[in-house]
1. Could you tell me whether region 148-156 includes any residue that is among the aliphatic types (A, V, I, L, M) and surrounded by 20 or more Cβ atoms within 10 Å (Cβ to Cβ)?
2. Return the residues of region 183-199 that are within 13 Å of Leu35 (Cα to Cα) and touching a residue at least 60 places away in the same chain (Cβ under 8 Å); say none if nothing qualifies.
3. Specify which of the listed residues (Pro80, Pro48) is closer than 24 Å to Glu144 by Cβ, modelled with pLDDT of 90 or more and assigned to a loop (DSSP other than H, G, I, E, B).
4. Looking at this structure, is Asp167 assigned to a loop (DSSP other than H, G, I, E, B) and either touching an Asp or Glu at 6+ places or on another chain (Cβ under 7 Å) or loosely packed, with under 13 Cβ neighbours inside 10 Å (or both)?
5. Give just the number: which of (1) farther than 26 Å from Ile148 by Cβ; (2) surrounded by 14 or more Cβ atoms within 10 Å (Cβ to Cβ); (3) modelled with pLDDT of 90 or more does Asp64 not satisfy?
6. Evaluate region 163-177: report whether one residue or more is of a type in the set (Val, Ile, Thr) and modelled with pLDDT of 95 or more.
7. Here are the criteria: (1) closer than 23 Å to Met45 by Cβ; (2) touching a Gly at 6+ places or on another chain (Cβ under 8 Å); (3) among the β-branched types (Val, Ile, Thr). Tell me which single one Val122 does not satisfy.
8. Checking the conditions here, which among Ser90, Ser132, Ser100 is within 12 Å of the chain's Cα centre (by Cα), in a helix (DSSP H, G or I) and either under 27 Å from Leu63 (Cα atoms) or among the aromatic types (Phe, Trp, Tyr) (or both)?
Amino acid sequence: METAKDGRAVRVAKAFKYGLKGITGYLEPTERELLRGLVDDVISMLEPQSSADEDPLTALIGLDMNVREPSDRALLRLLPNVMKNDGAASLEFRQLTERSLRETKIGALRATAMGLDRNDLVLTPEEARLWSMAFNDVRLVLAERLDIRDEADADHVHAMQDWSQADDVESYLALVYNFTTWLQESLVQAMMASMDRKG
């Protein structure tokens, strides 16, 4: 992000693209710091609470019989119910799969956090896949915090593009959401270009 005339920060990141070096992008240090903070926050949300009476064997094979539907709506977006109208079936599926789903998401987020420490962003196909997963989870959390429920809500958030107008928490979150969306979209386009070139 660069500094505008009024002293506020605006975006100067470069979109991800596919070229001779692979998938590349550019982020200012402040932008990497912002994204790293967002990623770390989502990791904290996803890290399961350890239980003293947890069966080590059950944990080893990925089961979690103590799991419950998240009360935090943002976490519920990350770990949704598979069946809206069948709580018992959703709970059973959650007990069988939630631990591994959390671990998969945390793995992608941590890989992204480590990558954000680099000045030069040159991603392998696997890194790009993990970054895309991480950006998506960050966006899901931000969308819930912004109470995006339908297309009209999304359009309202998308209209916020000027960092100089970020004078409250909601408008700042909207700008961060739009920034993350832009990054993810450019990354997906670069991944598709990579696949087309190889195909």
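1. Applying the first criterion (among the aliphatic types (A, V, I, L, M)) to region 148-156 yields 148, 152, 154.
From the residues that got through so far, the ones that are surrounded by 20 or more Cβ atoms within 10 Å (Cβ to Cβ) too are 148.
Looking through region 148-156, at least one residue is among the aliphatic types (A, V, I, L, M) and surrounded by 20 or more Cβ atoms within 10 Å (Cβ to Cβ).
2. Residues of region 183-199 that are within 13 Å of Leu35 (Cα to Cα), as a first pass: 183-184.
Selection gives Leu183 alone.
3. Working: Pro48 fails: modelled with pLDDT of 90 or more.
Exactly one residue qualifies, and that residue is Pro80.
4. On the way: assigned to a loop (DSSP other than H, G, I, E, B): yes; either touching an Asp or Glu at 6+ places or on another chain (Cβ under 7 Å) or loosely packed, with under 13 Cβ neighbours inside 10 Å (or both): yes.
Yes: the conditions hold for Asp167.
5. The number of the failed condition is (3).
6. Pass one, region 163-177, residues of a type in the set (Val, Ile, Thr): 169, 176.
From what's left, modelled with pLDDT of 95 or more: 176.
Yes, some residue in region 163-177 is of a type in the set (Val, Ile, Thr) and modelled with pLDDT of 95 or more.
7. All conditions are met except number (1).
8. Unique residue meeting the criteria: Ser132.
The values are calculated or read from the model by the stated rules, or taken from the named source; none is laboratory data. Source: prediction; values computed, not measured. As a convention, Cβ positions derive from the backbone with ideal geometry for all residues, glycine included, and neighbour counts pool all protein chains shown.
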